[in-house]
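Below is one structure, written out as structure tokens; the observations come after it.
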Amino acid sequence: MDLGLTFALAWAVLALVAGAVLIVKRRWLSETITAERQSTVARAGARGPSSNVFLIVGLAFLAMGLFIIVWWASAAL
């Protein structure tokens, strides 16, 4: 197998895993970042990212991973 295809497939798997983790843990990530930003007195009213941000980024990673896998499968035909 070509080195470029191996790298692309490894990247696709990483993108799929990262996207799934971002989607599953989106509320925890949002709450953790917000709590960290509000931990100091000077930034008590600071806002964190919405959980929708992590959902969108996670879906983008999933789409990228699926695109690479479909591209690889179509190139193999």
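The values are calculated or read from the model by the stated rules, or taken from the named source; none is laboratory data. This structure is a prediction, so every number in the text was calculated from the model and none was measured. Methodologically, a virtual Cβ is constructed for each residue, glycine included, from the backbone with ideal geometry; neighbour enumeration extends over all protein chains shown. Side chains included, ligands, DNA and RNA excluded: accessible areas come from the protein's heavy atoms. Shrake-Rupley method; radii C 1.70, N 1.55, O 1.52, S 1.80 Å.
Odds and ends about this structure:
- If you filter the stretch 22-57 down to residues that are part of a loop (DSSP other than H, G, I, E, B) and touching a residue at least 12 places away in the same chain (Cβ under 8 Å), you find that the one that is nearest to Gly4 (Cα to Cα) is Lys25.
- All of (1) open to solvent by less than 50 Å² (accessible area, probe 1.4 Å); (2) closer than 30 Å to Asp2 by Cβ hold for Leu14 with one exception: (1).
- Close Cβ contacts (under 7 Å, 6 or more residues apart or on different chains) running from residues in the stretch 58-77 that are open to solvent by less than 60 Å² (accessible area, probe 1.4 Å) to residues that are of a type in the set (Phe, Trp, Tyr) comprise Ile68/Trp11.
- Selection status of Val70, modelled with pLDDT of 95 or more, among the aliphatic types (A, V, I, L, M) and assigned to a helix (DSSP H, G or I): no
- Residues in the stretch 17-57 that are charged (D, E, K, R) and either open to solvent by 70 Å² or more (accessible area, probe 1.4 Å) or at positive phi (or both): Lys25, Arg27, Glu31, Glu36, Arg37, Arg43, Arg47.
- Residue within the stretch 2-10 that is open to solvent by less than 100 Å² (accessible area, probe 1.4 Å), in contact (Cβ under 8 Å) with a residue 24 or more places away in the chain and under 17 Å from Ile56 (Cα atoms) present: no
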